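Readers should treat all values here as calculations from the given coordinates under stated rules, not as data from a laboratory. Model, not experiment: these values are computed from the prediction. Here the Cβ positions follow ideal geometry from the backbone for every residue, glycine too, while neighbour counts run over all protein chains shown.
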Amino acid sequence: MKKTVLFLLIGLAVACAPKNAVSSPDGSIVVLFSLSDEGQPEYAVSVDGNPFIGQSVLGIETSVPLNLKNGFRLESSKVTSHEEKWSQLWGENKEILDRHKELEVKLANEYCSLTLRFRAFNDGVGFRYEYGIPSIPFVIPSEAKESIVITDELTQFNIAKDGRSWSIPAHFDSYEQEYRELLLSELENANTPMTFRTDDGLYGSIHEAALVDFPEMTLKSHDGILTAALAPDGPGNSEQKAVVSGSFKTPWRTIQIGRRAVDLINSNLILNLNEPCAMKDVSWIKPGKYVGVWWGMHLGLYSWGKDARHGATTERAKQYIDFAAANNIDAVLFEGWNDGWTVANADHDFDFTKPAPDFDLDAVLAYARDKGVAYIIHHETAGEVAWYEQQLEKDLDYAAERGIHALKTGYAGWLLDGHYHHSQYGVRHYAKVASEAAARKIMVDAHEPIKETGLRRTYPNFMTREGARGMEWNAWSSGNKPSHHEILPFARLLSGPMDYTPGIFDIEYRCIAGNPDVKVWNNTHSSKCRVSTTLAKQIALWVTLYSPWQMAADLIENYEEHPAFQFFRDFDPDCDWSEALQGEIGEYIAFARRSGDKFFFGATTNEVGRTLEQPLSFLKPGVIYTATIYADALDADWQTNPYAYTIETKEVTSADTLAITLAPGGGQAISLNPKL
Ligand code: CA
């Protein structure tokens, strides 16, 4: 009898469930698929039964008479469940749970078939288009079998409620833009991740996962509805967005959803939508810490090459290697090491197999090897990608033969050979460099890159990248506002790690005051600039802005004998576990990370000073930890008293709660070591 009732109930549930819907494993998020009267695919997303993404159109426009937008009929649909624990070599978390339900929808019209794949997770939704030449002979124009030119993507994200949004403008050539806080209804265009909070208090972020052989997706408002806008090939070819073969998959379009702002950060949705690691031998891939002469160039104290101020000299390299060896720092980086630089600009004379006359690379490498310090080689391409690709294999062989396992690339300036940085051409190039580097056991840190979309899961040698306004802007412009650092973790860093290069201790550039050798090279003389921060905040950024390769970016002279540098000496960027504990977008953020049995805590605030109550329940129960607390002094203030800090040591356990006091524009960092 009981059994019969149960079967009846299940039967009712199946009958009541919408035919083409899929819910998250916890049932809170539902994706509903439908076809319009014209046979155009559509979807909607609800959270707790309330509309989150209203009815939104799907489809792709192509230049050939291939119809990927309407006239479709439903061929089949099925829902499957998936649960898997997987681990990664490095990342904020080493162990990740992938638990989702998938709805596969197969459509066909008179021209072709199209598969839409939706995945519903407890922390959001991803979906993609999959097109392949079907085995049944549909009426396909022969040219479409060879290559299809995609001219537009029609995907809408019809966010059901208005609210606040945080994003940078949609710009196809640079992510180095200031964040804007705008009403969703005011948003004309945005790059992704585009993060928002709806008026009913839910948080969301739109981005993409597994961006391979396709242009990036930005967002553009059409009649008040945010719609996918693919990066064009370039200013001279704005109609063409992508050229794909007769069989292709788009990147996943992703909508992360959270009830707290920090849920977006703690989500693994982007990584879960990428393919497993495709590399066999990954033993040589390791996170680490580094120092280098980079900041000296940005301040105008050093030059990249060819004058008396040249930063990358053999002598200075040895000083940095000595400093790294003495301070538990893994590696060094010297921009301007190679021949071909003018004072600050790259040109076609670049040669990544020829050191500058005053830089004896082999001697530097031998010195570094003796001291147990690794060397990161640098390739600044100035965006001359075709030229770079011609010599790429030779350049990487040159590095690999010398035992170098890390490469920083740069693509400063506008356009890549006339193509946008974020075009399909750019996407292909960045992947090619990472792949050629992997073949030679070289890790990559790309500046002026394409945005991260979780590909580090599949290609873990692509460690980190810039892709936002980094520290450099503070050296020669009005700089980054305090709140920039409380937006980045909720926006740019949802896509993946960022090489922000934090840790400037000489906040007002006192070390160059009155130095006549300091030159303007970009916009403003550095003596008129500063970092909008307190000292303690610079320390906290090493924790809050995640990068598996983390730089202490200041000149080593500013760290020598500085008591607060002990934090970086102790810091281990090779995390096992991380959690964003509390925060609000653009206001404040607090993280805890664990590396082995040590924990690191970091919190930062915008222009507003505040005290956070922080339970230490993330610590291992029953263990006493020695907490070394690097805090803003009580009278610290980013504008008037930025250097005032305190270091305090105390014993804590997981049962304790700390009051984390942050000065205006300030921060706090804590290292926690188990007491033996
Ligand atoms: Ca840059």
Can you work out the PRE-style zone for residue 635? Point 7 Å along Cα to Cβ, and I want the residues of the range 502-545 with backbone N under 18 Å. 534-536
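Using only alpha carbon pairs under 8 Å that are at least six residues apart, calculate the relative contact order of the chain and give it in whole percent.
Numbers: 1723 pairs, mean separation 74.2, N = 676.
Across the chain, relative contact order equals 11 percent.
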Just grab the label-to-label distance for residue 515 and residue 213, each label 7 Å out from Cα along the Cβ direction, in nm (one decimal). 4.9 nm
Along the charge dipole of the chain, pointing to its positive end and built from +1/-1 on Cβ of Lys, Arg, Asp and Glu, which listed residue (363, 209, 76) has its Cα farthest out? 76
The range 487-580, relative contact order [Cα under 8 Å, separation at least 6], %: 38 percent
Calculate one ³J(HN,Hα) per residue across the range 296-302 by plugging θ = phi - 60° into the Karplus curve 6.51 cos²θ - 1.76 cosθ + 1.60, and present them in order as whole Hz with x for glycine and proline. x, 5, 5, 6, x, 7, 10
Using the Cα gyration tensor of the range 244-392, with a ≥ b ≥ c the square roots of its eigenvalues, what is the shape: rounded (a/c below 1.5), prolate (a/b larger than b/c) or oblate (neither)? prolate
Could the peptides 37-49, 659-671, 193-205, 319-331 be put in order, highest first, of the mean number of other beta-carbon atoms found within 10 Å of their residues? 659-671, 193-205, 319-331, 37-49
Between residue 97 and residue 673, what length in nm is gained on full extension when 0.36 nm per residue of separation is reduced by their alpha carbon distance? 204.6 nm
Listed peptides 543-554, 353-364, 283-294 by packing density, highest first (mean Cβ within 10 Å): 543-554, 283-294, 353-364
Would you mind computing, in nm to one decimal, how far apart the modelled labels at residue 579 and residue 85 are, each placed 7 Å from Cα along Cα→Cβ? 1.7 nm
Whose amide H sits under 5 Å from the amide H of residue 243, counting only residues 5 or more places off or on another chain, with H placed in the peptide plane? 150
Sequence order, the range 488-494: Karplus ³J(HN,Hα) from phi using 6.51 cos²θ - 1.76 cosθ + 1.60, θ = phi - 60°, Hz rounded, Gly and Pro as x, gives 3, x, 8, 10, 3, 7, 5
Under 5 Å, built H, 5+ apart or other chain: amide partners of residue 351: 339
Determine ³J(HN,Hα), in whole Hz, for all residues of the range 614-625 in sequence, where each value follows from phi through the Karplus function 6.51 cos²θ - 1.76 cosθ + 1.60 and θ = phi - 60°; x replaces Gly and Pro. 10, x, 9, 5, 6, 6, 5, x, x, 9, 8, 10
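Would you kindly state how much longer the chain becomes between residue 362 and residue 238 on full extension, computed as 0.36 nm times their sequence separation minus their alpha carbon distance, in nm to one decimal?
In short, 40.0 nm is gained.
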How would you rank 112, 277, going from fewest to most other Cβ atoms within 10 Å of each one's own Cβ? 277, 112
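When Lys and Arg each count +1 and Asp and Glu each count -1, what net charge do the other residues less than 13 Å away from residue 191, Cβ to Cβ, add up to?
On the way: positive: 180, 220, 451, 469, 492; negative: 173, 176, 178, 188, 208, 216, 452.
Around residue 191, the charge tally is -2.
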The set of residues whose placed amide H lies less than 5 Å from the amide H of residue 62, leaving out same-chain residues fewer than 5 positions away, is 68, 151
Using a Förster radius of 60 Å, what is the FRET efficiency between residue 38 and residue 651 based on their Cβ-Cβ separation? Nearest 0.05, please. 0.30
If packing is taken as the mean number of other Cβ atoms within 10 Å per residue, what is the order of 428-439, 514-525, 620-631, highest first? 428-439, 620-631, 514-525
Among DSSP bridges having both ends in the chain, what percentage is antiparallel? Round to the nearest 5. 85 percent
Would you mind calculating the gained length between residue 283 and residue 247 on full extension (0.36 nm times residue separation, minus the Cα-Cα distance), in nm to one decimal? 9.5 nm
The range 619-644 and the range 312-382 have their Cα centres apart by a whole-number Å value of 35 Å
Farthest toward the dipole's positive end in the chain, which of 529, 33, 313, given Cβ charges of +1 (Lys, Arg) and -1 (Asp, Glu) about the Cα centre? 33
Can you pick out the pairs among 354/408; 620/675; 106/220; 289/620; 318/528; 286/675 whose Cα atoms lie more than 20 Å from each other? 106/220; 289/620; 318/528; 286/675
Computed about the Cα centre, the charge dipole of the chain from +1 Lys/Arg and -1 Asp/Glu charges at the Cβ has a magnitude in debye, to the nearest 20, of 1800 debye
